[in-house]
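Here the structure is laid out as structure tokens; the discussion comes afterwards.
The values are calculated or read from the model by the stated rules, or taken from the named source; none is laboratory data. For clarity, every value in this text was computed on a predicted model and none was experimentally measured. Here Cβ is always computed from backbone atoms with ideal geometry, including for glycine, and neighbour counts include all displayed protein chains.
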Amino acid sequence: MSISVNFCKVCNMPKRESYIFRSAKEKDLEFIRKLSAEAFSTYGHYEEIVPAWFEEPAVITEVIIEKSDTLGFAMLVLERKKVFGFREAHLLAIGILLEHQRRGVGSALLEHMEEIARKYNAVEMNLWTAVDNESAFSFFQKAGFKIKRFENYYYPKGQAALSMSKRLDCT
């Protein structure tokens, strides 16, 4: 599939139409492992944890591509509250290569994951982020996530985390 890159006239960042999203495949696992090691190693052995999540049938893993370059990945799992209750989506991980951060790539991927959650009738998206990861906290806040609660020693290496959530309104 060929997609031309369009730039926003206001911020000069690539518009979302320039990105391709697809389900991650086995061939993406090494990329996911390496990016997890780079992005999340402060918090635990995520180069092992994230690939284990990838193997879980209930986990939806997507990659974001520009031209032929994979820029990042995200993982989502859906959960039903009670038998006939609403569905929740849990964003397990989102990682963007450092050189592509702060260019709208993460926002585009997060919006894509929200669309997937809506497709499965999820009404809320939840996630955890480390208290000391100020850039991630700011990113999620700007995307509309609100703090639900705080938990000490959440991560394998002992860091505290914030649970955040966002209501997924129909678009």
Options Ile147, Ile94, Ile64: the member that is among the β-branched types (Val, Ile, Thr), outside any helix (DSSP H, G or I), in contact with a strand residue (DSSP E or B) (Cβ under 6 Å, 6 or more places away or on another chain) and surrounded by fewer than 18 Cβ atoms within 10 Å (Cβ to Cβ): Ile147
Considering every residue within region 5-27, establish whether at least one is modelled with pLDDT of 90 or more, among the small types (Gly, Ala, Ser) and either touching a Cys at 6+ places or on another chain (Cβ under 7 Å) or surrounded by fewer than 18 Cβ atoms within 10 Å (Cβ to Cβ) (or both). yes
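Residue-by-condition table, conditions (1) surrounded by fewer than 11 Cβ atoms within 10 Å (Cβ to Cβ); (2) farther than 17 Å from Ala108 by Cβ; (3) among the polar types (S, T, N, Q):
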| residue | (1), (2), (3) |
| --- | --- |
| Ala122 | no, yes, no |
| Val131 | no, yes, no |
| Phe140 | no, no, no |
| Ala143 | no, no, no |
| Glu151 | no, yes, no |
| Gln159 | no, yes, yes |
| Met164 | no, yes, no |
| Arg167 | yes, yes, no |
Could you run through region 67-91 and say how many residues are over 25 Å from Val123 (Cα atoms) and either part of a loop (DSSP other than H, G, I, E, B) or β-branched (Val, Ile, Thr) (or both)? 3
Can Glu56 be described as out of contact with any Cys (no Cβ under 7 Å at 6 or more places or on another chain) and either modelled with pLDDT of 95 or more or more than 18 Å from Lys67 (Cβ to Cβ) (or both)? yes
Ala39, sole failed condition from (1) among the small types (Gly, Ala, Ser); (2) part of a helix (DSSP H, G or I); (3) modelled with pLDDT of 95 or more: (3)
